[in-house]
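The values are calculated or read from the model by the stated rules, or taken from the named source; none is laboratory data. Source: prediction; values computed, not measured. Virtual Cβ from ideal backbone geometry, glycine too; neighbours counted across all protein chains shown. Heads up: the accessible areas ignore ligands, DNA and RNA and are worked out on the full protein's heavy atoms, side chains in. Shrake-Rupley method; radii C 1.70, N 1.55, O 1.52, S 1.80 Å.
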Amino acid sequence: MVLDFANEVIWWRGPAPFVYVPVPPEQSAEIKAISARVTYGWGCIPVTARIGATEYTTSLFPKDGLYLVPVKAKVQKAENVNVGDNVMVHLEIVAA
(Lines give C-alpha, C1' and ligand atoms only; values in the text may rest on other atoms or scores of the structure.)
Protein backbone atom coordinates (compact mmCIF):
# COMPACT_ATOMS: atom_id res chain seq x y z
CA MET A 1 0.00 0.00 0.00
CA VAL A 2 1.30 3.44 -0.93
CA LEU A 3 -0.21 6.60 0.56
CA ASP A 4 0.54 10.28 0.01
CA PHE A 5 -0.96 13.00 2.18
CA ALA A 6 -0.26 16.39 3.70
CA ASN A 7 -0.92 17.31 7.31
CA GLU A 8 0.31 19.50 10.14
CA VAL A 9 3.25 18.42 12.27
CA ILE A 10 2.26 18.03 15.92
CA TRP A 11 4.09 17.51 19.19
CA TRP A 12 2.89 14.80 21.53
CA ARG A 13 4.25 13.89 24.93
CA GLY A 14 5.10 10.43 23.67
CA PRO A 15 8.59 9.05 23.15
CA ALA A 16 11.19 11.74 22.37
CA PRO A 17 12.87 12.99 20.17
CA PHE A 18 9.94 12.74 17.80
CA VAL A 19 7.27 15.02 16.53
CA TYR A 20 4.47 13.45 14.52
CA VAL A 21 2.33 13.84 11.43
CA PRO A 22 -1.19 12.43 11.89
CA VAL A 23 -2.42 10.30 9.01
CA PRO A 24 -5.78 11.83 7.93
CA PRO A 25 -8.97 9.89 8.73
CA GLU A 26 -9.56 8.44 5.23
CA GLN A 27 -6.02 7.08 4.92
CA SER A 28 -6.03 5.90 8.56
CA ALA A 29 -9.14 3.85 7.75
CA GLU A 30 -7.33 2.28 4.78
CA ILE A 31 -4.40 1.36 7.05
CA LYS A 32 -6.74 -0.01 9.72
CA ALA A 33 -8.32 -2.29 7.10
CA ILE A 34 -4.98 -4.08 6.54
CA SER A 35 -3.53 -3.63 10.02
CA ALA A 36 -3.96 -7.26 11.10
CA ARG A 37 -1.70 -8.35 8.21
CA VAL A 38 1.05 -5.79 8.77
CA THR A 39 1.32 -5.06 12.49
CA TYR A 40 4.15 -6.46 14.59
CA GLY A 41 2.27 -5.88 17.84
CA TRP A 42 0.53 -3.18 19.86
CA GLY A 43 -0.98 -1.93 16.59
CA CYS A 44 2.38 -0.61 15.37
CA ILE A 45 2.92 -0.84 11.62
CA PRO A 46 6.38 -0.71 10.00
CA VAL A 47 6.66 1.69 7.06
CA THR A 48 9.07 3.44 4.80
CA ALA A 49 8.30 7.15 4.96
CA ARG A 50 9.54 10.11 2.95
CA ILE A 51 9.29 13.77 3.78
CA GLY A 52 10.90 16.00 1.20
CA ALA A 53 13.99 14.21 -0.09
CA THR A 54 14.56 12.27 3.13
CA GLU A 55 13.44 8.64 3.22
CA TYR A 56 13.50 6.67 6.46
CA THR A 57 12.04 3.65 8.18
CA THR A 58 9.76 4.00 11.16
CA SER A 59 6.54 2.56 12.56
CA LEU A 60 3.09 4.09 12.60
CA PHE A 61 1.16 3.74 15.78
CA PRO A 62 -2.53 4.23 16.53
CA LYS A 63 -3.78 7.15 18.59
CA ASP A 64 -7.35 8.41 18.92
CA GLY A 65 -8.59 6.56 15.83
CA LEU A 66 -5.78 7.77 13.58
CA TYR A 67 -2.21 6.68 12.95
CA LEU A 68 0.78 8.87 13.77
CA VAL A 69 3.93 9.05 11.65
CA PRO A 70 6.98 9.74 13.84
CA VAL A 71 9.35 12.30 12.33
CA LYS A 72 12.84 11.44 13.54
CA ALA A 73 15.18 14.22 14.66
CA LYS A 74 17.46 13.63 11.66
CA VAL A 75 14.48 14.12 9.31
CA GLN A 76 13.38 17.25 11.18
CA LYS A 77 16.86 18.70 10.73
CA ALA A 78 17.39 17.59 7.12
CA GLU A 79 14.00 18.89 5.95
CA ASN A 80 13.68 21.84 8.37
CA VAL A 81 10.46 20.39 9.82
CA ASN A 82 8.96 22.13 12.83
CA VAL A 83 5.78 21.74 14.88
CA GLY A 84 2.98 23.56 13.07
CA ASP A 85 4.44 23.06 9.59
CA ASN A 86 2.28 21.44 6.92
CA VAL A 87 4.29 18.66 5.28
CA MET A 88 3.75 16.15 2.50
CA VAL A 89 4.29 12.54 3.56
CA HIS A 90 4.82 9.51 1.34
CA LEU A 91 4.25 6.14 3.05
CA GLU A 92 4.90 2.62 1.83
CA ILE A 93 3.39 -0.27 3.78
CA VAL A 94 4.19 -3.82 2.75
CA ALA A 95 1.55 -6.38 3.65
CA ALA A 96 2.91 -9.72 4.83
* Accessible area expressed per residue, the chain, with surrounding protein chains retained (probe 1.4 Å, Å²) -> 56 Å²
* To do: Select from GLY65, ILE93, ALA78 the residue farthest towards the positive end of the dipole of segment 57-96; place +1 on Cβ of Lys and Arg, -1 on Cβ of Asp and Glu, and compute about the Cα centre.
  => ALA78
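Just how large is the dipole of the chain about the Cα centre, in debye to the nearest 20, putting +1 at every Lys and Arg Cβ and -1 at every Asp and Glu Cβ? Write down the numbers at each step before the final one.
Working: 8 positive and 9 negative charges, 74 e Å.
Taking the Cα centre of the chain as origin, the dipole is about 360 debye.
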* Heavy-atom accessible surface of the chain: percent carbon and sulfur, 1.4 Å -> 55 percent
* Structure fact -> By the Cα gyration tensor axes a ≥ b ≥ c (a/c under 1.5 gives rounded; else a/b larger than b/c gives prolate, otherwise oblate), the shape of segment 1-41 is oblate
* Structure fact -> Under the Karplus relation with 6.51, -1.76 and 1.60 and θ = phi - 60°, whole-Hz ³J(HN,Hα) for segment 78-93, x at Gly and Pro, equal 4, 9, 6, 9, 10, 4, x, 6, 9, 10, 8, 10, 10, 10, 10, 10
* To do: Grab the DSSP H runs of the chain that are 4 residues or longer, score each as -39,500 (n - 2.57), total them, divide by all residues and round the 222 nm result to the nearest 500 deg cm²/dmol.
  => -6500 deg cm²/dmol
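Output the direction-averaged projected area (hull surface divided by four) of the convex hull of the alpha-carbon atoms of the chain, in nm². Let's see the in-between values first.
Details: hull surface 22.1 nm².
Result: 5.5 nm².
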* What is the distance, in nm, between label points placed 7 Å from the Cα along the Cα-to-Cβ direction at GLU55 and at LYS74? -> 1.5 nm
* **Under 15 Å, Cβ to Cβ, from LEU68 - net charge with Lys/Arg +1 and Asp/Glu -1** => +2
